[in-house]
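The values are calculated or read from the model by the stated rules, or taken from the named source; none is laboratory data. Bear in mind that the values here come from a model prediction, so they are computed numbers and not experimental data. Here the Cβ positions follow ideal geometry from the backbone for every residue, glycine too, while neighbour counts run over all protein chains shown. For accessibility, only protein heavy atoms count, side chains too; no ligands or nucleic acids. Shrake-Rupley method; radii C 1.70, N 1.55, O 1.52, S 1.80 Å.
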Amino acid sequence: MDILPSLDQQAGWPPGWRILPNGAPIADEVIDAWRTIPVAVAGDCMGRSIGATELRQYHPDLATVMCGRAVTVRTRPGDNLVIHKAMLMASPGDVIVIDAGGSVEQAIVGGLMRTTAIARKLGGFIVDGAVRDLLEWHEGGMPCFARGHTHRGPSKDGPGAVNIPISCGGLVVQPGDLILGDADGILAIPANELSGLMPRVQEHLEREAAIRETNAREGGNADRINALLRSKGLTI
């Protein structure tokens, strides 16, 4: 077990450093259930205006799903020392979510770290910054979303923080949130909202299935679209 210094001890550290415990575990059956939910559906049920933006996937398979507890990192752009610490703290299935200020001038996650993540059975990386070693990421086996890539490597000087609230691609992430990612994008769902959100997600899936059936059978739903247009004041 990784015993972390107390907050009193950390208060004496140089400015910019903080390493806090991981968020509470999320039950395996909860993660398994959410793994089947498309990000677009969950996002619709959370208001349609939430989620990371301007991050692209670096794993090869569009069908890959990322679903696991967030271990958050805030690091100085171009530096990855505390990312290594977060990976050592993470449990199997956890997703390392990194706020590197959106800088793509130096890569902060690369192929060697990917190898470590596979060995530790982590759930993936979300990097608001740059990665490198694209051929290794293209081998699959480790989901990765990032803002960009470059061959230029990182430093290991700090400062940085682990398991604090961060912003990653415009998405607020708290340590212990459930991270859900697929080919459409990335969401962070607070753990205390998972049980209440799931029934709404299931209802949404059923509603979409009915619309999809109508679209396939009739080539669209004229009554629905015309009713929406009339509600805007059009005489259709």
Subject >> Length gained when the stretch Asn226-Ala27 is fully extended (0.36 nm per residue, less Cα-Cα span) >> reply: 67.2 nm
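In the chain, which whole DSSP H runs stretch at least 20 Å along their own axis (Cα) and average -1.0 or higher on the Kyte-Doolittle scale?
Numbers: long enough: 194-218 (35 Å, -0.87).
Answer set is 194-218.
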Original post:
Hey, can you rank 188-195, 94-101 by average C-beta count inside 10 Å, highest first?
Top reply: 94-101, 188-195
Original post:
Once every DSSP H run of n ≥ 4 in the chain is given -39500 (n - 2.57) and the sum is divided by its residues, what mean residue ellipticity at 222 nm do you get, rounded to the nearest 500 deg cm²/dmol?
Top reply: -9500 deg cm²/dmol
Subject >> Fluctuation leader among Ala33, Ala146, Ala52 - the chain, Gaussian network, Cα springs under 10 angstrom >> reply: Ala33
Subject >> Charge dipole (debye, nearest 20) of the chain; +1 at Cβ of Lys and Arg, -1 at Cβ of Asp and Glu >> reply: 420 debye
Original post:
Can you pull the percent of the chain's accessible area that's carbon plus sulfur, 1.4 Å probe, other chains left in place?
Top reply: 54 percent
Original post:
Using 18 Å as the cut-off for backbone N distance, which residues of the stretch 22-44 belong to the label zone defined by a point 7 Å from the Cα of Arg207 along Cα→Cβ?
Top reply: 37-44
Original post:
Just in the stretch 21-106: which trypsin sites (Lys or Arg not before Pro) are loop by DSSP and have at most 16 other Cβ atoms within 10 Å?
Top reply: Arg48
Subject >> Alpha carbon centroid spacing (whole Å) that separates the stretch 45-87 from the stretch 123-173 >> reply: 7 Å
**OP:** Using only alpha carbon pairs under 8 Å that are at least six residues apart, calculate the relative contact order of the chain and give it in whole percent.
**Re:** 26 percent
Subject >> Residue-normalised accessible area of the chain, given per residue in Å² at a 1.4 Å probe >> reply: 51 Å²
**OP:** Return the single residue from Glu105, Glu203, Glu218 with maximal mean-square fluctuation; model: Gaussian network over the chain, springs between Cα atoms under 10 Å.
**Re:** Glu218
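So what's the net charge close to Met66: Lys and Arg +1, Asp and Glu -1, counting the other residues with Cβ under 12 Å from its Cβ?
Net of charged neighbours comes to -2.
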Original post:
Around Ile26, with a cut-off of 15 angstrom between Cβ atoms, what is the net charge of the other residues, counting Lys and Arg +1 and Asp and Glu -1?
Top reply: -4
**OP:** Take Thr36, project a point 7 Å from its Cα along the Cβ direction, then tell me which residues of the stretch 199-236 have their backbone nitrogen under 12 Å from it.
**Re:** 202
